[in-house]
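**Student:** Encoded as structure tokens, here's the structure I'll be asking about.
The values are calculated or read from the model by the stated rules, or taken from the named source; none is laboratory data. Worth saying up front: this structure is predicted, and the values here are computed from it rather than measured. Here the Cβ is made from the backbone with ideal geometry for all residues, glycine too, and neighbour counts use every protein chain on show. Just the protein is used for accessible areas: all its heavy atoms, side chains included, with ligands, DNA and RNA removed. Shrake-Rupley method; radii C 1.70, N 1.55, O 1.52, S 1.80 Å.
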Amino acid sequence: MDLPFGKELPQLDVLIVGAGLSGLTSGVKILAKEHSLNLKILDECSKPGGLLGTQGLRFVNKEQTEMINFMSQLNVTLRVREEDEGANLERCWDLDRGLLAAPVKFELRRYINMLDLRMKKYSSLRFRFRKRVPNMERHIRSNLFFEQSRKFMFNLVELFSGLPANEINFDEFMCLCSSCGGLSVIIDIYFKMPKSMMDVSCKKLLDTLIEKLHDIEILKNVKVVKVKHFKDYVEVTNSIGKPYTAQAVILAIPWERVNELQFEPPLPKQYFKPSAHKDRSKKLLTQFFMRYTKSHWVYQGYSGHFLSVEPFVVGYENQPTEYSGYMMHSPDESNSVRETVLEMLAENFGEEMQNPLEYQEQTMELNTTLSSPQTKPWLRVIWSGSSTVATKNRNLMGGAVESGIRAAVSALYVVRPQVVSWRDLQEVQDRKLYEGISLSRVSALLSRINLYNFTFYSVFVIGLVFLLNFGYGQSA
Ligand SMILES: Cc1cc2nc3c(=O)[nH]c(=O)nc-3n(C[C@H](O)[C@H](O)[C@H](O)COP(=O)(O)OP(=O)(O)OC[C@H]3O[C@@H](n4cnc5c(N)ncnc54)[C@H](O)[C@@H]3O)c2cc1C
């Protein structure tokens, strides 16, 4: 492609669009390699951090090696939790309650095992679009019998892929899960948070990243709308028409947001993925944080670990007396999140939960993941972001760090190739992909028992026998 020559001298060496975990990681990595570079970061929000949020905890499994190494370079402690911490306290989950709790959990476990066993065939890099593959809503409905387990799975699909279950097909969802080590891992990270995982404070992580970047400007409330690629630099324009020029630009934003940008010359075909989901009504995610005088949940005999399937709310103890979590909701419910969450917590943990000493919330759109990772830059425009580029731990923090480091190395390759070592290149090689799980024979066998089919065929056979009996009785 022939690019036009620009008339200006670029103001910056590297411009990073998006101050989420991936954008900030790129900034730290670039400065660590070459401190003299002129860098700037832009974000459309009023606070940096993106999906990371500013409060609460994030959970890291051992497979997120990029994240673990990066945290040790930053001197941020990943807390390994004590085995007996809160061991006698119960969790407070919708799924544990009622007469149907046991069969609901049984069929959910069976379904999750079944998907995990099939995961080996799927790869995040392939992201195949086979025709005649059911969407996840149909797949869930035809494999799960109880409404409670279906709703749990619908929430999980939407939380993780950013798309409602009827807009992502089975193959796409499986490719996405395979890039994170399987569905059980996702469930552990987003819902169960087992003791085998490490945790990290979002605030501590964000403060450390910003501290490392104290020499460079992070501009907030700047929404990028246009990217103009010249032969020797890139011009990025914000929503009020202010241009920023740089030798290389890292777009550390979700792919659906890349698709909204105006590119000049137009983005080459290999990058352009027309979205069939432009007009869908998006769900929002509000992360909340509360501080109390005491941990009221502990006084009720609970560990604070909370899950409601409808409305979809997840909560956990951040530290004794601090409580965090998130709620997925439609845009018109945004103003009532606080009321809904506090009421639900009060119902379960006591009326005192209604009156926190401090309450904070942050609402955001979930990132949509519906394409193969975009690992190849477009000359001086480099893609980044956990949902956009990561090949491993996609849509997780490990993916954000992996893509941030990869983007930093690509940008350095454009502006200061002499500082890029073979070690840096080795670090950003495509990662070993998920190899699948192995289950015991019994679990594998159990995972094949489909309660939905079992009930459907039992009712059918009983009905048929009844009709035949009835017909025979009439004719006799
Ligand atoms: C509730 C929740 C819990 C999670 N828990 C865990 C966990 O326990 N463990 C784990 O590993 N992962 C977890 N994750 C996932 C992890 O937080 C994310 O994968 C990671 O933070 C994504 O970072 P990112 O930089 O790729 O994207 P983002 O955080 O989405 O950053 C993108 C940034 O770009 C900005 N932007 C977008 N468009 C523009 C534009 N046009 N102009 C300027 N700026 C723009 C946005 O404002 C945003 O700040 C969780 C996610 C959520 C939502």
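**Student:** Which percent of the accessible area of the range 284-365 is formed by carbon and sulfur heavy atoms (probe 1.4 angstrom)?
**Tutor:** C and S fraction of accessible area: 41 percent.
**Student:** Same structure, new question: For the range 1-77, state which trypsin sites (Lys or Arg not before Pro) are in a DSSP loop and have at most 10 other beta carbons lying within 10 Å of their beta carbon.
**Tutor:** LYS7, LYS62
**Student:** In Å², what does the accessible area per residue of the chain work out to with a 1.4 Å probe?
**Tutor:** Accessible area per residue: 48 Å².
**Student:** Then there's this: Of LYS29/LYS192; LYS47/LYS282; LYS29/LYS228, which ones are farther than 29 Å apart at the Cα?
**Tutor:** LYS29/LYS192
**Student:** Please compute the Kirkwood hydrodynamic radius over the chain, one decimal place, Å, based on all pairs of different Cα atoms.
**Tutor:** On the way: mean 1/r = 0.0415 Å⁻¹.
Computed over the chain, the radius equals 24.1 Å.
**Student:** If you don't mind, another one. Pairs of alpha-carbon atoms within less than 8 angstrom and 6+ residues apart define the contacts here; what relative contact order does the range 232-357 have, in percent?
**Tutor:** After rounding, I find 21 percent.
**Student:** On a 0 to 90 degree scale, rounded to 10, what angle separates helix 101-118 from the longest Cα axis of the chain?
**Tutor:** Roughly 50 degrees, rounded to the nearest 10.
**Student:** Could you compute how much accessible surface SER295 exposes when probed at 1.4 Å, giving the result in Å² to the nearest 10?
**Tutor:** Roughly 20 Å² of SER295 is accessible to a 1.4 Å probe.
**Student:** Would you mind telling me the antiparallel percentage of the DSSP bridges in the chain, rounded to 5?
**Tutor:** For the chain, the DSSP antiparallel bridge percentage is about 65.
**Student:** Leaving ligands and nucleic acids out of the surface, order VAL14, VAL428 by accessible area at 1.4 Å, largest first.
**Tutor:** Largest accessible area first, the residues go VAL428, VAL14.
**Student:** Using alpha-carbon pairs under 8 Å, 6+ residues apart, how would you state the relative contact order of the chain in percent? Provide the component values of the computation, followed by the final result.
**Tutor:** Details: 865 pairs, mean separation 121.0, N = 476.
Relative contact order of the chain: 25 percent.
**Student:** Another one. Can you tell me the 0 to 90 degree angle between the C-alpha axis of helix 397-415 and the longest principal axis of the chain, rounded to 10?
**Tutor:** 20 degrees
**Student:** Still on this structure: Does anyone have the angle between helix 451-475 and the longest principal axis of the chain? Alpha-carbon axes, 0 to 90°, nearest 10?
**Tutor:** Result, in degrees: 30.
**Student:** Now a separate question. In straight Cα distance, which aspartates and glutamates are under 17 Å from LYS223, not counting same-chain residues fewer than 8 positions off?
**Tutor:** ASP43, GLU44, GLU235, GLU256, GLU260, GLU365
**Student:** Shape verdict for the range 284-365, please, from the Cα gyration tensor: rounded (a/c under 1.5), prolate (a/b greater than b/c) or oblate.
**Tutor:** The shape class here is prolate.
**Student:** Additional query: Would you please name the trypsin sites (Lys or Arg not before Pro) within the range 349-435 that are DSSP coil residues with at most 12 other C-beta atoms within 10 Å of their C-beta?
**Tutor:** LYS432
**Student:** For the range 284-365, calculate the relative contact order in percent as a whole number, restricting contacts to Cα pairs under 8 Å that are 6 or more residues apart. Present the calculation step by step, with values, prior to reporting the outcome.
**Tutor:** Working: 143 pairs, mean separation 36.6, N = 82.
Contact order relative to length: 45 percent.
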